[in-house]
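Chemist: Pasting a structure here, questions to come.
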Amino acid sequence: MNSRVKLARRKLDTLSRLARLVAARRVLQSLKRRRDDRPAPGPLWSLALTLFLFKRLFHHESRIPLTSGRRAWNAWRREWTTYFLMRLHAFETWGHTLRSDPYRRHIENNRPRPEEVERMRNLARGFSYRPLISVVVPVYNTPREWLLRMVTSIVKQAYDRWELILVDDGSTSEETKSTLREIADLDERIGVEWAPRNGGVSRATNRGVDVSHGEYIAFVDHDDELLDDSLWHVADRLQREPELDLLYSDEEYVPTWDVAPYPYFKPDFSPEQLIAQNYCCHLVVVRKSAFEQIGGLRPDTDGAQDHDMILRMVERGCHVGHIPRILYRWFQVPSLSRQRDDGEKRLVVSEKIIETAKGVVDGHLERRGVEARCERVENWVRPEFAPADRGKVSIIIPTRDNPDFLRKAVGSIEKLTDYPNYEIVIIDNESRTLRARRLLARLGRRHRVIQLPSGPEGFNFSQLNNKAVERLDSDYLVFFNDDVEVLSRGWLSGMIGTLQVPGVGIAGARLLFPNRTVQHVGVILGAMGYGAWHAFLGLPAALEVGNGYTYLPRNAMAVTGACLCTRRELFDQLGGFDEEKFAVSFNDVDFCLRAGEAGWRTAFVPQAELLHDEGSSRGSKVNPYELAALRERYPRIVDPYWNPNFSRTSPYFELNSRRQARRLWESLKPRVLVVSSPSRVAEAWPNVADLFGELRRRGQIELIDHRVERDDPASLNAGRTALRDGDFDVVVAQGTTLLPIIRDAKNVGVPSLWHLPEHLIVEDHRDPERLAGFLELREAMQWAYQVVFNNIYSYRWASGGVPPENFSLIDGVLTDEGDSPVIDETRQRIARAQWGLEKDCVVFLAVVNDSSDAGLDTVLEAYRKLGTTRSPSFLFVLRQGPVTSREEMRLLRFARRLDRVAILTEPVGWEIPLAAADVVIAEGFNDVRPYLVMRAKAMGLPVIGTVHLERAEALYGDVTGLIHERFDAKSLCRAMRTLVDDPKRRKTFGDQGRAWLSSRAEPSAVLEWWHQILVEASELRGRVPAAPCETASASPVIEQEKTLALKTG
């Protein structure tokens, strides 16, 4: 062809693509016009979004292969154009929520409603333990409006066994004094104490405690307020744990300038974090006898008096409990002790209070016999522990053929370690390159080098370290990767000093990637279906997140073994790392968890800052056997330092809007309408109605099941009619085609759960209508109480980089024992006999994309290219609809091998082929039938798929199967040939796939999760049981509320 013609065609093709982009942009603009009630992003916000989008386009997680030439352009056109538009729409849709108030939806779902408060009052009367709670409030020249607001919040409490002690600390304001006299006449439970002169907050509080009669004391500031259910939750917790001496709750910050309220969700009791930060703060309730034992508040600590009180109570061994609910609203008012920074619109603690806090922390550490130097970090005091006992430290560095990184690691230790008594022990695990051996020879002249070969079972990190420790006589051990480089001079002194704090057995470091983003600031555990995550992974190291989470000392469930410091006595007590279960991965996590079970704490040391080029030594693949072993050993582990109000699908402590179910009515069984499509069972997970059937059999829900046939408007309309005419607490819709159900649920005010098991990816961005439909689908996701995904890829895609607070991720499960058989030779032989297949035949079962012809073409072309192999082969192709005449014409191209191909056109026709199969192929990504793939993994079958299928329950590249480029017959053929010619590799992938599947959530956990979320949604509906419950008689509390409301007005 003439070169000019080629050039002209390329230009025309480019113009047509640009036209398609313009059409897609018009779709976005039309959708934006329908959302004119939302604020438009400002210029700086738009610029930030644009930069973030382009960064995400090339993020390593996308992993779309871009080769040279026309294929590269086609890959960009097919993948990234749509990807960019999806993310842009996500920011336009949800960006305003991040900018204004991401906390708003959480408030709407969790603030107690009037009928719930009334029910709490009734339940409180039946508590077996009803302690009197004395609320002590120091008052000094408080404006009338603030004082009435605070008192009203106390009077409205659902728990009625309280008394309010208002202590006037010598106020000079006549308005304050007159208001206090009015309040004192409202209720006999309200008392006012008058101090002759101003003595400070500590003296005033002590005076109030002295005259109180309660068993517990609640501390409230004069300008703050409690929620209606605050004291009820305190009393409810004491029913179950009456031994608690101190309780604290989460709180809400309410700035008095132009900033929306925002929450502070706290960890459970963290002794090391408490030293640096009084994170308990509000609401704090203490046992009066314990308060009196420490002598009350100390007047010389005003400004940090509550921090000092909590530290002294902890020193005496008081039992501490955390209520992970917002029970307190802290109105942040600028005052003499807190200066407002007008530039950043935030509160800055004054130097006077910081100095007082330093004195409080210094006194606490001195009483405990711990040496430390305190410094200010933002609004907190960070202690840097100094080792009093300078015992011998062994820094253990395993290595193999990694001379460049090893040189940097050893050099940085020698240059930046100020701790005098240490040795470097290098474990050479069979290094073979000349450069590595020469470097080891040079290092061996000044450091200890131990030659430890791997055993017959292969590389075993745990075994190498355990054997090395056996040859050492040191007091402390530091396990140090050879791809880690020291950045801070006091790293080792800080870690050893932290270990000398009583109760601390393990210390972990702050690790950064070479690009100065966070690699490790502690490990978080307990997300459903996952083992361990690194908190705030990949965020800029300088970013302020989580109230000092990344740069303040605190406790963690586990820390990474890339730089882990521990006591030698503890290592010997626990028997070292587990060589059998955790040879490579999770040995550090397991070691920390076993130390916790033995009564030792794990601490994060922020001043120990190092650089970690993770995966440079041995790679970063996770062994599925070890992940399964972690779940087996710790099946229901819950991380106490990870607040339950955060999403369990992200390591960034993103807010989850889910309601914390109160379960006030034990007899309440949610009435659930499930609308699903039976014909999609083969494509997705088992129908959710099948899962809910078990909940109905247990008597936990009332279930109404409505099945919608595919492409049947009549059955869909019947489901919509059932929703409008029925009286349901929750509606559950399964599948993207049931968007009208979610819309109707929104219109009638019924909370909805939208279960989306499919892969939500727009394959053809050239069709504006198709793109508009998908964008409408994503906009509708905001209407549901929760949108539930079964795979991480769809979760990320639909979130568009900004995960909404109503997104949840839950493992798909095989609920029936018969659903997960291993490969049975008898069943396989019978299945193959029905198709006349040879005994040694390698059988492929391909699941293709029904929405286009590309998947079928790719599989058939790859099978044609496969040609003759060592073993005979056969190909089953599974698709939803019948083969069209057009497809029959295309099949003639493969006439030579059609006798070895069977195309299955019915959704029920895959049972026998699956029993006969050796390998499963998932080509395409809209309708890849993840349930079928999951069953195949349970049977021990390897999987070949694209990057779009790469998620834990389907495909883990080079671990449970092979990945190939989407719609690329050559790469698919290579993967097929690899598994045909290598039966050992087939078996390895299959075994590892079954092990990986066993590491996911158990069916009982999934059922429990679904029941929990159904109860949450039904409580939002506000249904009260039909059986009449006790109603409160006319109470003076109600009259007091009315009186106070009138006075406030």
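The values are calculated or read from the model by the stated rules, or taken from the named source; none is laboratory data. Just so you know, these numbers come straight off a predicted model, no measurement behind them. We place every Cβ from the backbone using ideal geometry, glycine too, and count neighbours over all the protein chains shown.
Chemist: Given the conditions (1) outside any helix (DSSP H, G or I); (2) crowded, with 19+ Cβ neighbours inside 10 Å; (3) at pLDDT below 80, and given that Leu962 satisfies all but one, which numbered condition is not satisfied?
Modeler: (3)
Chemist: Using beta carbons and a limit of 7 Å, which pairs, at least six apart or on different chains, have the first residue in the stretch 691-704 and farther than 11 Å from Val730 by Cβ and the second one β-branched (Val, Ile, Thr)?
Modeler: That search, which allows pairs on different chains as well, returns Leu691/Thr815; Leu695/Ile701.
Chemist: Is it true that some residue in the stretch 288-297 is small (Gly, Ala, Ser), in contact (Cβ under 8 Å) with a residue 40 or more places away in the chain and in contact with a helix residue (DSSP H, G or I) (Cβ under 7 Å, 6 or more places away or on another chain)?
Modeler: There is at least one residue in the stretch 288-297 that is small (Gly, Ala, Ser), in contact (Cβ under 8 Å) with a residue 40 or more places away in the chain and in contact with a helix residue (DSSP H, G or I) (Cβ under 7 Å, 6 or more places away or on another chain).
Chemist: So is Lys621 modelled with pLDDT under 85, in the same structural domain as Asp475 (by TED's automatic domain parsing), under 21 Å from Asn460 (Cβ atoms) and surrounded by fewer than 20 Cβ atoms within 10 Å (Cβ to Cβ) or not? First the steps, then the outcome.
Modeler: Details: modelled with pLDDT under 85: yes; in the same structural domain as Asp475 (by TED's automatic domain parsing): yes; under 21 Å from Asn460 (Cβ atoms): yes; surrounded by fewer than 20 Cβ atoms within 10 Å (Cβ to Cβ): yes.
For Lys621, the condition - modelled with pLDDT under 85, in the same structural domain as Asp475 (by TED's automatic domain parsing), under 21 Å from Asn460 (Cβ atoms) and surrounded by fewer than 20 Cβ atoms within 10 Å (Cβ to Cβ) - is met.
Chemist: Is there any pair linking a residue in the stretch 380-393 that is modelled with pLDDT under 85 to one that is of a type in the set (Val, Ile, Thr) and in a loop (DSSP other than H, G, I, E, B), with Cβ under 8 Å and at least six apart or on different chains, and which?
Modeler: Pairs found: Ala388/Val370.
Chemist: Out of the stretch 935-959, which residues are closer than 20 Å to Gly855 by Cβ and either assigned to a loop (DSSP other than H, G, I, E, B) or at pLDDT 85 or above (or both)?
Modeler: Selection gives Leu941, Pro942, Val943, Ile944, Thr946, Glu950, Arg951, Ala954, Leu955.
Chemist: So Leu979 fits all but one of (1) touching a strand residue (DSSP E or B) at 6+ places or on another chain (Cβ under 6 Å); (2) over 19 Å from Leu914 (Cβ atoms); what number is the exception?
Modeler: (2)
Each row is one residue, and each column tells you yes or no for (1) outside any helix (DSSP H, G or I); (2) within 28 Å of Glu776 (Cα to Cα).
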residue	(1), (2)
Gly693	no, no
Arg696	no, no
Leu703	yes, no
Ser715	no, yes
Gly719	no, yes
Ala722	no, yes
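Chemist: Taking the stretch 420-444, which residues are within 24 Å of Asn466 (Cα to Cα) and either part of a loop (DSSP other than H, G, I, E, B) or out of contact with any Lys or Arg (no Cβ under 9 Å at 6 or more places or on another chain) (or both)?
Modeler: Asn421, Asn429, Glu430, Ser431, Arg432, Arg437, Leu440, Ala441, Gly444
Chemist: While we're looking at this one, here's another question. Could you say which residue among Ala158, Ala195, Ala184, Ala235 is hydrophobic (A, V, I, L, M, F, W, C), farther than 23 Å from Gln305 by Cβ and surrounded by fewer than 21 Cβ atoms within 10 Å (Cβ to Cβ)? Step through it out loud before you land on a result.
Modeler: Working: Ala158 fails: surrounded by fewer than 21 Cβ atoms within 10 Å (Cβ to Cβ); Ala195 fails: farther than 23 Å from Gln305 by Cβ; Ala235 fails: surrounded by fewer than 21 Cβ atoms within 10 Å (Cβ to Cβ).
Selected residue: Ala184, the only one of Ala158, Ala195, Ala184, Ala235 that is hydrophobic (A, V, I, L, M, F, W, C), farther than 23 Å from Gln305 by Cβ and surrounded by fewer than 21 Cβ atoms within 10 Å (Cβ to Cβ).
Chemist: Now, a different point. Scanning the stretch 630-660 for residues that are at pLDDT 85 or above and over 16 Å from Ala535 (Cβ atoms), which turns out surrounded by the fewest Cβ atoms within 10 Å (Cβ to Cβ)?
Modeler: Of everything passing the filter in the stretch 630-660, Arg633 is surrounded by the fewest Cβ atoms within 10 Å (Cβ to Cβ).
Chemist: Considering only the stretch 225-293, give the strands (runs of 3 or more DSSP E) lying wholly within it that have at least 3 residues that are at pLDDT 90 or above and out of contact with any Gly (no Cβ under 6 Å at 6 or more places or on another chain). Steps first, please.
Modeler: Details: elements: 246-255, 262-264, 284-287.
Those strands (runs of 3 or more DSSP E) span 246-255, 284-287.
Chemist: Restricting the search to the stretch 709-730, which residues are over 17 Å from Leu1007 (Cα atoms), in contact with a Pro (Cβ under 8 Å, 6 or more places away or on another chain) and hydrophobic (A, V, I, L, M, F, W, C)? Can you show your working first?
Modeler: Filtering the stretch 709-730 down to residues over 17 Å from Leu1007 (Cα atoms) leaves 709-729.
Within this subset, residues satisfying the condition of being in contact with a Pro (Cβ under 8 Å, 6 or more places away or on another chain) are 709, 716, 720, 729.
If the condition is that a residue be over 17 Å from Leu1007 (Cα atoms), in contact with a Pro (Cβ under 8 Å, 6 or more places away or on another chain) and hydrophobic (A, V, I, L, M, F, W, C), then Leu716 is the only one that fits.
Chemist: Further question on the same structure: Six or more apart or on different chains, Cβ atoms under 6 Å: show the pairs whose first residue is in the stretch 986-998 and more than 13 Å from Asp958 (Cα to Cα) and in contact (Cβ under 8 Å) with a residue 24 or more places away in the chain and whose second is assigned to a helix (DSSP H, G or I) and of a type in the set (D, E, K, R).
Modeler: If the second residue must be assigned to a helix (DSSP H, G or I) and of a type in the set (D, E, K, R), the pairs left are Leu997/Lys937.
Chemist: Given the conditions (1) closer than 26 Å to Pro271 by Cβ; (2) at pLDDT 90 or above, which single one is not true for Gly490?
Modeler: (2)
Chemist: On to the next question. For the stretch 493-516, does any single residue satisfy the condition of being buried (at least 20 other Cβ atoms within 10 Å of the Cβ), on the phi > 0 side of the Ramachandran plot and not hydroxyl-bearing (Ser, Thr, Tyr)?
Modeler: no
A quick yes/no check of all residues on (1) hydrophobic (A, V, I, L, M, F, W, C); (2) part of a strand (DSSP E or B):
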| residue | (1), (2) |
| --- | --- |
| Val545 | yes, no |
| Tyr549 | no, no |
| Leu552 | yes, no |
| Gly561 | no, no |
| Leu564 | yes, yes |
| Leu570 | yes, no |
| Phe577 | yes, no |
| Phe582 | yes, no |
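Chemist: For a quick check of your reading of the model, give me the residue pairs whose first member lies in the stretch 140-151 and is of a type outside the set (A, V, I, L, M, F, W, C), whose second is part of a helix (DSSP H, G or I), with beta-carbon atoms closer than 6 Å and at least 6 apart or on different chains.
Modeler: The qualifying pairs are Asn141/Thr176; Thr142/Thr176; Arg144/Glu175; Arg144/Thr179.
Chemist: Let me ask something else about it. How many residues does the stretch 156-190 contain that are more than 28 Å from Pro299 (Cβ to Cβ), touching a strand residue (DSSP E or B) at 6+ places or on another chain (Cβ under 8 Å) and either in a helix (DSSP H, G or I) or of a type outside the set (D, E, K, R) (or both)?
Modeler: 2
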